[in-house]
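Right, one structure below, let's go through it.
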Amino acid sequence: MKATRIDHVGIVVKDIDAALATYAGNFGFTADSKRGGELPALGIKNAFMPVGESDLEFIQPTSSEGPVAQFAAERGEGTFMLSLEVEDIDAAVEHLRAAGARVGNASNGVAFVSMKSTHGVNLQLVQRQ
Amino acid sequence: MGIGATHIDHIVISSNDSGTVAQTFADNLGIEIKRKMIRPGTSAQLAFAKLQEVVLEFAGPPQVTPGEEVKAKLWGMVLAVEDIDAAVAHLRELGYPVSDPRPAVQPGARIASVKDGTSGVPFAVIQYNAIPAEAS
């Protein structure tokens, strides 16, 4: 099992429109209009800005519950999550579990590694192809 | 007009034991630690891995406290820019507090820190090949 690429960096923000305006207007990035939006099941809305071969994902909590809302309540805005691309998500989950790591089941090509298995880093694995 | 960023150059994971955190990532995720060093001046312990164009930097204090729980967090990122002087001038014109560009750990590179106004993300800009070889 090998992580091959930084897929994206998740950034929790209070106001996603303001953050996008800052990163576009001041820093020169362009939002990907084909991705992102409101995700009620996760209690968030998000948007993506490509930077080279990776993305910045801006995430605003829309609910008072869930890990994004918890992060926002405890730390405010900031760097929330690192997403790494793997070639085979099922094999990656199996490998990590065999190594003793706590990993959620893969769903739609995405799996989350428990922060207890990463010394506190919020880590997502994603299979793109 | 922006800062002329071409890609994320590196992402910093800070902890109280960079060696252990880097080894966990290497063992569990197949990430190869390519380089370890002590940062001149601060003596911070650094370890580096590279995933295609992005470097993962594991940063920690000079000394590890024995028996202390290892705690890490995703800290911030450094964006590669084509012209660091232009990027700094642009940001200052917009009112951002930005440090003067200084030589980076990476040979020939200059780096400047953006100290506020980045949605809570500590970030810096870096330009490679910014210092002639004989001067770096």
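The values are calculated or read from the model by the stated rules, or taken from the named source; none is laboratory data. Small disclaimer: the values here were computed from a predicted structure and weren't measured. All Cβ positions, even for glycine, are placed from backbone atoms using ideal geometry, and neighbour counts span all protein chains on display. Side chains are part of the model used for accessible areas, which takes the heavy atoms of the whole protein and leaves out ligands, DNA and RNA. Shrake-Rupley method; radii C 1.70, N 1.55, O 1.52, S 1.80 Å.
So the values come out like this:
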quantity	calculated
Amide H contacts of B:Asn16 (H built 1.01 Å from N, under 5 Å, at least 5 apart or other chain)	B:Lys71
Bins of 5 Å from zero: percent of alpha-carbon pairs in region A:3-126	2, 11, 18, 23, 19, 15, 8, 2, 1, 0
Rounded to whole Hz, the Karplus (6.51, -1.76, 1.60) HN-Hα couplings of region A:93-100, x for glycine and proline	4, 4, 4, 5, 5, 5, 7, x
Degrees between helix B:84-93 axis and first principal axis of chain B (Cα, 0 to 90, nearest 10)	70 degrees
Under 10 Å, Cβ to Cβ, from A:Arg35 - net charge with Lys/Arg +1 and Asp/Glu -1	-2
Cα-centred dipole magnitude for the protein assembly as shown, charges only on beta-carbon of K, R (+1) and D, E (-1), debye, nearest 20	460 debye
Within region B:5-135, percent of DSSP bridges classed antiparallel, to nearest 5	75 percent
Hydrodynamic radius of chain B per Kirkwood, over alpha carbon pairs, in Å	15.9 Å
Residue-normalised accessible area of region B:5-135, expressed per residue, 1.4 Å probe, Å²	47 Å²
Two-site label geometry, A:Arg102 and A:Ala41: point separation in nm, points 7 Å out along Cα→Cβ	2.3 nm
Shielded by partner chains, region A:20-48 residues - at least 10 Å² of accessible area, 1.4 Å probe, vs chain alone	A:Thr22, A:Tyr23, A:Gly25, A:Asn26, A:Phe27, A:Gly28, A:Phe29
Label-point gap, in nm, between B:Thr65 and B:Ser43 - each point 7 angstrom along Cα→Cβ	1.7 nm
Mean-position separation - Cα centroids, region B:65-85 and region A:91-124, in angstrom	21 Å
Protein accessible surface hidden between A and B, which excludes ligands and nucleic acids, total in Å², probe 1.4 Å	3100 Å²
Inter-label distance, nm, simple model (7 Å from Cα along the C-beta direction), A:Ser114/A:Glu53	3.3 nm
Net lengthening on full extension, A:Ala91/A:Thr62 (0.36 nm per residue, minus Cα-Cα)	7.1 nm
Accessible area of the protein assembly as shown belonging to carbon and sulfur atoms, whole % at 1.4 Å probe	49 percent
Average accessible area per residue (Å²) across region A:3-126 - probe 1.4 Å, nucleic acids and ligands excluded	45 Å²
Considering only region A:3-126, percent of DSSP beta bridges that pair antiparallel, nearest 5	75 percent
Helical contribution to [θ] at 222 nm, DSSP H n ≥ 4, -39,500 (n - 2.57), averaged over the protein assembly as shown, rounded to 500	-5000 deg cm²/dmol
Whether the protein assembly as shown is rounded, prolate or oblate, judged on the alpha carbon gyration tensor where a/c under 1.5 counts as rounded	oblate
